[in-house]
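One structure is given here, and the rest of the page talks about it.
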Amino acid sequence: MLNSIKKSAIVATLAAFTAASPALADFPEKPVKMIVAFGAGGSTDLMARIFAKYMGEELGQRFVVENRTGAGGEIGWVTLANSPADGYTIGLINSPVIEAYPITRADTIGYQMDQFRPLINVVTDPGVLAVAVDSPYETLADFVAAAKANPNTITISHEGVGGDDHLAALNLTSQAEIEVNFVAFDGNAEATAALLGGHIDAFEGNMSEAAAQISEGTVRALAVWSSERMVQIPDIPTGAEQGYDVISAASRGIAVPAGIPQEAYEPLLAVAQSVVANESFLAELAELNMPVVPIVGDDFVAYINNSHETLRTMWEANPWLEQ
């Protein structure tokens, strides 16, 4: 019954905009390009391809994923920002990284946030701190104690300066008053291999990326940086439970180039809302341990803008260093 009501609302939305703009009668008339700023096979790419499949089914046209990688996502986002604002190019945006770059790379960045119009957030994926299962650190308290006893010797991975995992680790080290060494990796697979190979002491990444290894028993999570425990890893305590007020997550959503006409934006938004309520879509993302947290339209615009201003305030108060 709910699905019927939802689909009726979408049909009504599309019909209203078709009536307002005859040119939209056959929208989309050709495949829609979805730009992904990270490589094939990663968590962003997997989510994008599943989302694109359902968008295509809803609108009766193909959504073609195009990976435009490099510079930690910047190349893909520059491509999206400079694409025609006609509804035929959309893209994945990864928060907070996309907001951080115009602040931390102000002199060299190739895009600004006002070049995007956020459409919908799909996934918000909390961070975790994990170690190999044979690590001597059984708890977060063990890890902090060792770091205090041996300053600048423990190594923690991250996937980019200014990204959510890097900022989460910086927040922890600040609150715990410890000094560690940060090691940057191009992605979770590389960082996990380094952890399991004994080349780093700890992994800081997203829950969806670590959940499989946690379940398999190859890594031990010390904390999840969420406000409450996650159903995917219910035995892992939050940072707050252990005395550290660290909240961190990566949000993955959809944006379009700024200036898109409402007659193209509204149908895309309506169908995107349908996708994130689709039980089959939700089941596929649950298999990947990706928590679906829809933030829609203007609310998503406000979310991104608030994140951008928060990061700017943090940067101006205490710039994080390239480490």
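Observations on the model:
- Sole residue being among the charged types (D, E, K, R), open to solvent by 10 Å² or more (accessible area, probe 1.4 Å) and under 18 Å from Val131 (Cβ atoms), chosen from Glu228, Glu263, Glu209: Glu209
- Residue within segment 123-138 that is open to solvent by less than 60 Å² (accessible area, probe 1.4 Å), out of contact with any strand residue (DSSP E or B) (no Cβ under 7 Å at 6 or more places or on another chain) and not in a helix (DSSP H, G or I) present: no
- Some residue of segment 148-155 being touching a helix residue (DSSP H, G or I) at 6+ places or on another chain (Cβ under 8 Å), open to solvent by less than 20 Å² (accessible area, probe 1.4 Å) and not in a loop (DSSP other than H, G, I, E, B): no
- Boolean, Phe281 is buried (at least 17 other Cβ atoms within 10 Å of the Cβ) and over 19 Å from Lys53 (Cβ atoms): no
- When residues of segment 232-260 are limited to those that are out of contact with any Ser or Thr (no Cβ under 7 Å at 6 or more places or on another chain) and of a type in the set (S, T, N, Q), the one least open to solvent (accessible area, probe 1.4 Å): Ser248
- Only a single criterion out of (1) open to solvent by 40 Å² or more (accessible area, probe 1.4 Å); (2) not in a loop (DSSP other than H, G, I, E, B) is not satisfied by Thr79, namely (1).
- In segment 236-247, the residues that are closer than 20 Å to Glu209 by Cβ and either of a type in the set (S, T, N, Q) or modelled with pLDDT of 95 or more (or both): Ile236, Pro237, Thr238, Gly239
- One residue stands out among those in segment 56-76 that are closer than 20 Å to Phe38 by Cα, in a helix (DSSP H, G or I) and touching a residue at least 12 places away in the same chain (Cβ under 8 Å): the one that is most open to solvent (accessible area, probe 1.4 Å), which is Ile75.
- Residue that is nearest to Gln242 (Cα to Cα) [pool: residues in segment 167-206 that are out of contact with any His (no Cβ under 8 Å at 6 or more places or on another chain), in a loop (DSSP other than H, G, I, E, B) and open to solvent by less than 30 Å² (accessible area, probe 1.4 Å)]: Ile178
- Unique match (being under 19 Å from Ser208 (Cβ atoms) and among the hydroxyl-bearing types (Ser, Thr, Tyr)) among Ser280, Ser274: Ser280
The values are calculated or read from the model by the stated rules, or taken from the named source; none is laboratory data. Fair warning: this is a prediction, and the values are worked out from it, not measured in the lab. Cβ sites come from the backbone with ideal geometry, for glycine too, and all protein chains shown count toward neighbours. These accessible areas exclude ligands, DNA and RNA; they are computed on the full protein's heavy atoms, side chains included. Shrake-Rupley method; radii C 1.70, N 1.55, O 1.52, S 1.80 Å.
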